[in-house]
Structure formats: C-alpha cells, structure tokens
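J.: Below you'll find the structure I mean.
A short reminder: the numbers here are calculations on the coordinates, not readings from a lab. The model shown is predicted, which means the values in this text are computed figures rather than measured ones. Note: ideal-geometry Cβ built from the backbone for every residue, glycine included; neighbour counts use all protein chains shown.
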Amino acid sequence: MMALRVFLLALAAFALTMTDVQARPRGLVEPALHILPGGPGHPRVALTFDACMGRTDHRILDALISGHIPATIFVTGRWLKKNRAAFEILLAHPDLFEIEDHGAMHVPAVDRPVKIYGIASAGSAEAVKKEVEGGRSAIEAAGGPHPLWFRGSTALYSLSAISQIRRLGFSVAGFSVNGDGGSLFSAALAEKTISRAKDGDVVISHINQPTHAAGAGVVKGILDLKARGYGFVKLDEVQPTGTDGTTGTLPVAKTAGHPSLPKKG
Ligand SMILES: [Zn+2]
C-alpha cells in the first residue's frame, strides 16, 4: 500500500513536470535576483509587486502604507490607464514606493513568436523594444520617475531579448521567491511562502488581483516578516548580486510555479 502511494506521488510529480515543460517553450530563461543580505540580526528582503492589468489590491497597498513597508512596484501602461488613482497613491509615497517598468501591454519580452502559458510573445526585437519603451513612456507620461528596472510579462525572456533590454538602459528584475504563484496561491500558501523568505531574497507577488485569496496571505506573510525583525528595501537602494541585476549565469527556469499570469490580469 505504501509503495503504491509513493508511486502515485512520484507519478503526480512527473505529470506536473511534464505540464510545466509543455507550457514553457525551450530556450527561455527566468533570471534569478537576490539583494545583498543584511547579515545576522539584520535580515532584509526586497518586496516586488507586479501590476499587470486589472485593478488594485488595496489589502496589500494599504498594508504597505500603514506598516511603512517599502516595495518596488512594476506597472504596465495597460494597468496605469485604469488605475490612475492608485498610481497617484504610489507617487505620493516616494519614500515607500519605487515604480518600475512591467511593459506597455503585458506581452512577454521574447523576440521570437512563441506562446508562453498560452500568451503570445512580443515576437520580434522591434516588438520587445515597443513593449519595454512603451512601459517606460507610460510611467513618465503619468508623472512617474524614469524607470531603471524592467520585468516582462511571465518573467521569462530569450537571452537575446535580455541583452536588448539592457541596451535600452534597464536591469532585468528577476526574483528569488515566488510569493503568490501568479496570484493563484491560497492565502495560507502565500503567507507560508513569503514568511519563509530568507535574508537577501527578492519576493515577487501581485498587487492587481483584489478578488484573489492570495492577496490576504501576501499581507500576512509580509507582516510576519516585519514582526520577526526583517527590513524591507527597494531595488534602487541595494546593489543586486550578479551582473546587470540578474545572476551572471542566467539559469534556465526550473520552478513549476509561474510568477505572472496575464490572462487572469
Ligand atoms: Zn505581470
């Protein structure tokens, strides 16, 4: 009986791996990113949030403000259009919020035509440029600062697109902890995942899904870290490890979770 259970668990794990392989085209990378650790007694993490499209999760935004917790928010031009009031709140708290570029239309920054989690990539170098620069100009047109970090939709890239994004003047913002599983985690899982972040981690979550259960857990996980003495830093405050804001080796993605789920936007 025990052997059967072990076999079934192994089979389930294999099925998950195969699903993931099918969903993620070959040759794409998911850059990792860490910040320099604060050291013993001074653990710190960088909280990053994607605002892909959709609305604003005020459970998270309000908790960050009331807890004086700094974070880096990646916004798209598409999100900006419908969330101007929330964007003004971000702008009104420059001490807390760093605003960075999540693209113009939330299409993956991959310069060849592929589908990623069912979403069509930008498809050409020209379209990648349009996505990256369109996000930047939308932020600036709305009164935001000049962004220096870019994170693309799905957080997957072709290597040539990463080089191109760097030439456009951006560091590519990876992460080390997938805090909310593309906003699809349960509240309990999001809380557990974020509260287990280690000194030097960069956490990705979503701030655009107010109706998803994950957001409540994201807040709890952050408050748990705070209660345990963690500090929070924005990406512009720290020297990221690795070159150009990503680890030098650009490891090929292995995780099954997926950090950004545009179709649920
Ligand atoms: Zn996104």
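J.: Considering only residues that are away from the ligand (no atom under 16 Å from the Cβ), surrounded by fewer than 18 Cβ atoms within 10 Å (Cβ to Cβ) and part of a loop (DSSP other than H, G, I, E, B), which ones fall in the range 192-222?
T.: Result: ARG196, LYS198, THR211, ALA213.
J.: Does LEU156 count as within 14 Å of the ligand (Cβ to nearest atom) and in contact with a Leu (Cβ under 9 Å, 6 or more places away or on another chain)?
T.: In short, yes.
J.: For the range 51-102, how many residues are under 17 Å from ALA138 (Cβ atoms) and among the small types (Gly, Ala, Ser)?
T.: So the answer is 5.
J.: With respect to ASP236, is the statement that it is more than 16 Å from the ligand (Cβ to nearest atom) and more than 22 Å from ILE99 (Cα to Cα) true?
T.: no
J.: State all residues of the range 94-105 that are crowded, with 24+ Cβ neighbours inside 10 Å and assigned to a loop (DSSP other than H, G, I, E, B); if no residue qualifies, say none.
T.: Hits for the range 94-105 are HIS102, GLY103.
J.: Quick one: which of VAL110, VAL128 is within 16 Å of the ligand (Cβ to nearest atom) and without any contact (Cβ under 8 Å) to a residue 40 or more places away in the chain?
T.: Answer to the check: VAL128.
J.: Follow-up. Can you give me the number of residues within the range 62-93 that are among the small types (Gly, Ala, Ser), under 22 Å from VAL218 (Cα atoms) and crowded, with 19+ Cβ neighbours inside 10 Å?
T.: 3
J.: For the range 131-149, how many residues meet the condition of being without any contact (Cβ under 8 Å) to a residue 60 or more places away in the chain and hydrophobic (A, V, I, L, M, F, W, C)?
T.: Residues flagged as without any contact (Cβ under 8 Å) to a residue 60 or more places away in the chain and hydrophobic (A, V, I, L, M, F, W, C) within the range 131-149 amount to 2.
J.: Still on this structure, I have one more. Restricting the search to the range 172-204, which residues are closer than 20 Å to ILE73 by Cβ and among the acidic types (Asp, Glu)?
T.: ASP180, ASP201
J.: Is it the case that the range 159-168 has a residue that's among the charged types (D, E, K, R) and part of a helix (DSSP H, G or I)?
T.: Within the range 159-168, one or more residues are among the charged types (D, E, K, R) and part of a helix (DSSP H, G or I).
J.: Could you count how many residues in the range 159-188 are within 13 Å of the chain's Cα centre (by Cα) and away from the ligand (no atom under 15 Å from the Cβ)?
T.: The number of residues fulfilling the criteria is 2.
J.: Give me a count of the residues in the range 171-191 that are of a type outside the set (Ser, Thr, Tyr), surrounded by fewer than 24 Cβ atoms within 10 Å (Cβ to Cβ) and part of a loop (DSSP other than H, G, I, E, B).
T.: 2
J.: Moving on. Tell me the residue from ARG78, ARG55, ARG84 that is within 15 Å of the ligand (Cβ to nearest atom), out of contact with any helix residue (DSSP H, G or I) (no Cβ under 8 Å at 6 or more places or on another chain) and closer than 15 Å to ASN208 by Cβ, please.
T.: Every option except ARG78 fails the conditions.
J.: Just to check your reading of the model, which residue among ARG112, ARG136 is among the basic types (Lys, Arg) and in a loop (DSSP other than H, G, I, E, B)?
T.: ARG112
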